[in-house]
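Participant: There's a structure below that I have some questions on.
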Amino acid sequence: MKSKIITMCVIVLLAVSLLTIGCAKEEEKGRIIGIDPGAGLMSAAEKALEDYNLDNMELVEGSDATMISALNDAIKNEQWVVVTGWTPHFKFAKWDLKYLEDPKQSFGGEEQINTIVRTGLKEDMPDVYTFLDNFNWTLDDMQKIQVWNEEEGADFYDNAKRWVDENEDKVNEWIKGLEPNSGNGQEVELVYVEWASEIASTNVVRAVLQEKLGYDVELTSVGAAAMWQGVATGDVDGMVAAWLPATHGSYLEEVKDQVDDLGANLHGARIGLVVPEYVTIDSIEELNENAAKFKK
Ligand code: PBE
């Protein structure tokens, strides 16, 4: 009887200590600081974990804002940190950062950002359609507003109006041939996700529609899946935030027959894993063996 009890105790003790070791191991994984789970970038990062067998690393969910605050904290203390990142983004203007090389192309190659509108917009609001079809700008344009948006107390819409004022030639190209202020306060509904890049672009489009063409724009911020669904069902008029071909490729695939794809509004975008310059690895392949340096 006694020996049975002892054996039981030993088994229980062993089980508990094995569990503890297991949990501790989990906690010891290096962290890739991610963003919102609906972002295409997060699926690509999950794919990278598999493609490169990054067993010692884990992907942490958050948002653009929490990713930036983790990056900020690490840089202040010169600690190693790796985040899911993209271009255009103000973080590249603010800090010295680099993309980790991605020889397996888990994050795809060069991306473009497309404008997608609901079917029927062309007939219902031809001027809005024409402007959205014409809207296109550069990496520098978009990054510039993002930097303004980062300033203390910044107002995104004021900054968009400022950009529109300072870039008259470009804006006039987008609205060439359209009657100024002919929108008569008609409502246009745009949808976006609160990524720094899309806050910038969507507010610029809103500024042109309101200040130049006389429409009343309602902006709704949602998750990536709802953004695509909103346009596909016709609940909203459109969005300027479709990262393609890879990042939102699966979202487009689902609804491609239900939306009107107006093509690129920006070329040369990119997604990947980003580290501060002082982090002395260059490739995603090196993350696993250095996982311990990317702990919390
Ligand atoms: N992003 C910014 C988005 C698209 C725009 C790269 C975070 C994404 O991953 O879905």
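The values are calculated or read from the model by the stated rules, or taken from the named source; none is laboratory data. Keep in mind that what you see is a predicted model, and the values were worked out from it rather than measured. Note that each Cβ is placed from the backbone with ideal geometry, even for glycine, and that neighbours are counted across all protein chains shown. Just the protein is used for accessible areas: all its heavy atoms, side chains included, with ligands, DNA and RNA removed. Shrake-Rupley method; radii C 1.70, N 1.55, O 1.52, S 1.80 Å.
Participant: Restricting to the range 53-85, what's the tally of residues that are more than 16 Å from the ligand (Cβ to nearest atom), part of a loop (DSSP other than H, G, I, E, B) and open to solvent by 20 Å² or more (accessible area, probe 1.4 Å)?
Facilitator: So the answer is 7.
Participant: Any residue that is more than 16 Å from the ligand (Cβ to nearest atom), basic (Lys, Arg) and under 25 Å from Ala246 (Cα atoms) - is there at least one of those in the range 114-133?
Facilitator: Looking for residues that are more than 16 Å from the ligand (Cβ to nearest atom), basic (Lys, Arg) and under 25 Å from Ala246 (Cα atoms), one finds at least one in the range 114-133, hence yes.
Participant: Also: In the range 262-281, which residues are within 16 Å of the ligand (Cβ to nearest atom) and closer than 18 Å to Val240 by Cβ?
Facilitator: Selection gives Ala264, Asn265, Leu266, His267, Gly268, Ala269, Arg270, Ile271.
Condition check ((1) in contact (Cβ under 8 Å) with a residue 40 or more places away in the chain; (2) touching a Leu at 6+ places or on another chain (Cβ under 8 Å)) across all residues:
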site	(1), (2)
Tyr192	yes, yes
Ser201	yes, yes
Gln229	no, no
Val236	yes, yes
Ser250	yes, no
Asp260	yes, yes
Asn265	yes, no
Ile271	yes, yes
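Participant: I'd like the full set of residues that are of a type in the set (A, V, I, L, M, F, W, C) and under 22 Å from Pro126 (Cα atoms), limited to the range 183-226.
Facilitator: Within the range 183-226, Val188, Leu190, Val191, Val204, Val205, Ala207, Val208, Leu209, Leu213, Val217, Leu219 qualify.
Participant: If Gly223 satisfies every condition in (1) within 11 Å of the ligand (Cβ to nearest atom); (2) open to solvent by 20 Å² or more (accessible area, probe 1.4 Å); (3) under 19 Å from His267 (Cβ atoms) but one, which is the exception?
Facilitator: (3)
Participant: Right, another one. Within the range 19-65, restricting attention to residues that are among the acidic types (Asp, Glu) and modelled with pLDDT of 95 or more, which residue is farthest from Ile113 (Cα to Cα)?
Facilitator: Asp55
Participant: Next up: Considering only the range 276-289, I want to know if a residue exists there that is hydroxyl-bearing (Ser, Thr, Tyr) and open to solvent by less than 40 Å² (accessible area, probe 1.4 Å).
Facilitator: yes
Participant: I've got another one for you. Conditions: (1) away from the ligand (no atom under 16 Å from the Cβ); (2) crowded, with 19+ Cβ neighbours inside 10 Å; (3) over 29 Å from Leu213 (Cβ atoms). Pro103 meets all but one. Number of the miss?
Facilitator: (2)
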